[in-house]
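What follows is a single structure, written as structure tokens, with notes after it.
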Amino acid sequence: MSDAKKAIDTILDFLSDDTKKLLLVKGYDDIAKLKVVLSCLNKKFDRGIIRTSSMPDISEFVNRAFNKKLLPNAIKSTTVYKLGKMTVNINSYVNATKSNPRGNESTFTVFFPVQTVLNDSKRYAALLTELESTNSRKVILITTNDPSIDKWDIENNVDEVYFYSVEEDNPQIMINLRSNGAI
């Protein structure tokens, strides 16, 4: 079974499990993680929220993940966007915005990327507060740049952790990380 297929199965199982709300997706292929998560959400939801720490970069991440221009270069937190069959609101969880949507039982919330807050105690505490006040039925946190994260305390605050391996689907990433001493 491919790495992507394993990830899809795991994420769809999480989305179908009414006893779990928070999922942390770790791994070394950031684009693959984002693509699989958004693709799975597209199968189960029609509305959602993407909370990002990098408003200027989020459209590039999404567009690269799907290899097509799904989002405009400039994202506004006051605008809703179409991703597949989903309507999504995109805003920052790091900077103050006029409205921070909390979601509801029919929405999801994705926090991406989250690595910039995991090693900063003030920002990490603010993220935990955000997670507590999120009302979406499902909340998924997606890391990037995993080798740089020193502490993984976030794992203690989620219902499930999934490590998206790319050993089979993209072994070159693993070769590069090992040769650079990152892992």
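General observations
- In terms of accessible area, using a 1.4 Å probe and ignoring ligands and nucleic acids, I140, I75, I175, I8 rank largest first as I175, I8, I75, I140.
- Fluctuation leader among K68, K44, K33 - the chain, Gaussian network, Cα springs under 10 angstrom: K68
- FRET efficiency estimate (nearest 0.05) - Cβ-Cβ, E60 to D120, R0 30 angstrom: 0.85
- Under the convention that each Lys and Arg Cβ holds +1 and each Asp and Glu Cβ holds -1, the size of the dipole of the chain around its Cα centre is about 860 debye.
- Based on Cα contacts under 8 Å between residues 6+ apart, the chain shows a relative contact order of 33 percent.
- Considering helices alone, the calculated mean residue ellipticity of the chain at 222 nm is -11000 deg cm²/dmol, with DSSP H runs of length four and up weighted by -39500 (n - 2.57) and normalised per residue.
- Full extension of the chain between K76 and D17 yields a length gain of 18.0 nm, computed as 0.36 nm times the residue separation minus the alpha carbon distance.
- Scaled radius of gyration (Cα, divided by 2.2 N^0.38 Å) that the chain gives: 0.98
- Equivalent ellipsoid semi-axes - Cα gyration tensor, the stretch 1-51, angstrom: 17, 14, 11
- The residues of the chain have, on average, 49 Å² of accessible surface per residue, using a 1.4 Å probe with all protein chains present.
The values are calculated or read from the model by the stated rules, or taken from the named source; none is laboratory data. Because the structure is predicted, anything quoted here is derived from the model rather than measured. As a convention, Cβ positions derive from the backbone with ideal geometry for all residues, glycine included, and neighbour counts pool all protein chains shown. Accessible surface is based on the protein model in full, side chains and every heavy atom, while ligands, DNA and RNA are left aside. Shrake-Rupley method; radii C 1.70, N 1.55, O 1.52, S 1.80 Å.
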